[in-house]
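Peer 1: Have a look at the structure that comes next, please.
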Amino acid sequence: MTPDQVTGFFGAGESFVEGTIGAALVVLWLVALGLHLARPYMASTTGKFTLRLGADLWWIIYVAIRDVVLLQVFLGSFIFFYPDVVTGQDLPVTGGLAAVAAFAALLLKLTTKGDADLRWFRVQVLLIALGAVLYIGPYFLGVQATQLTGQHITKLVPALVSSQNPGLALPLCYLSAALAGILGIVAVAFNLRLTSVRRPMPGSEE
């Protein structure tokens, strides 16, 4: 194979992977939102178990799957923090902001009491719903509508697709990366503060 063929092969593979991630994120966003909205059902179902162990396992598995899916959403959304990917692929123009919403929900899980505090849990659900709208809306109205024709369609589609609207996609990419960086600093500071708190050893008199 010639160098140009090798470059083209890896370029096609990279484009395929990025396009696959973009499509998979639609499903992941829907699953993440659905699992968080299903909390009342999952909580009520725990009362149907005759054994406490069964109820505990049900709740632990639910929370683990729910939070892992949301984490996968954020990790998959890392492609929106790379300017070359944003401008080179047909992706939702607001995908980076959706990633920030997912990261903010994860940060609330870390810094609050989680499901024990219903007020902050509702904020998490609102952030996930906002992220889903910011991602799925432009994906279907922009990326998937590229084959449609019509005066209004041809004006709307380019504005929602990152590769066709770099004037908006690049500022949102840099803004999203900055916001995610700030949230990351907050998460690190919170963890460092927790580890710096001196806790008495079991059995000590302090």
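The values are calculated or read from the model by the stated rules, or taken from the named source; none is laboratory data. Just so you know, these numbers come straight off a predicted model, no measurement behind them. Positions of Cβ are generated from backbone atoms using ideal geometry, with glycine treated the same way; all protein chains shown enter the neighbour counts.
Peer 1: Which is modelled with pLDDT of 80 or more and out of contact with any helix residue (DSSP H, G or I) (no Cβ under 7 Å at 6 or more places or on another chain), of Leu28, Leu70, Leu57?
Peer 2: Leu57
Peer 1: Further, regarding this structure: Within region 104-117, count every residue that is surrounded by 24 or more Cβ atoms within 10 Å (Cβ to Cβ) and either within 13 Å of Leu179 (Cβ to Cβ) or out of contact with any helix residue (DSSP H, G or I) (no Cβ under 6 Å at 6 or more places or on another chain) (or both).
Peer 2: 0
Peer 1: Next question. Under the condition of being more than 21 Å from Leu33 (Cα to Cα) and in contact with a helix residue (DSSP H, G or I) (Cβ under 7 Å, 6 or more places away or on another chain), which residue from region 118-145 is modelled with the lowest pLDDT?
Peer 2: Residue satisfying both the conditions and the ranking: Ala145.
Peer 1: Name the residue, out of Leu148, Leu110, that is among the aliphatic types (A, V, I, L, M), modelled with pLDDT under 95 and not in a helix (DSSP H, G or I).
Peer 2: Leu148
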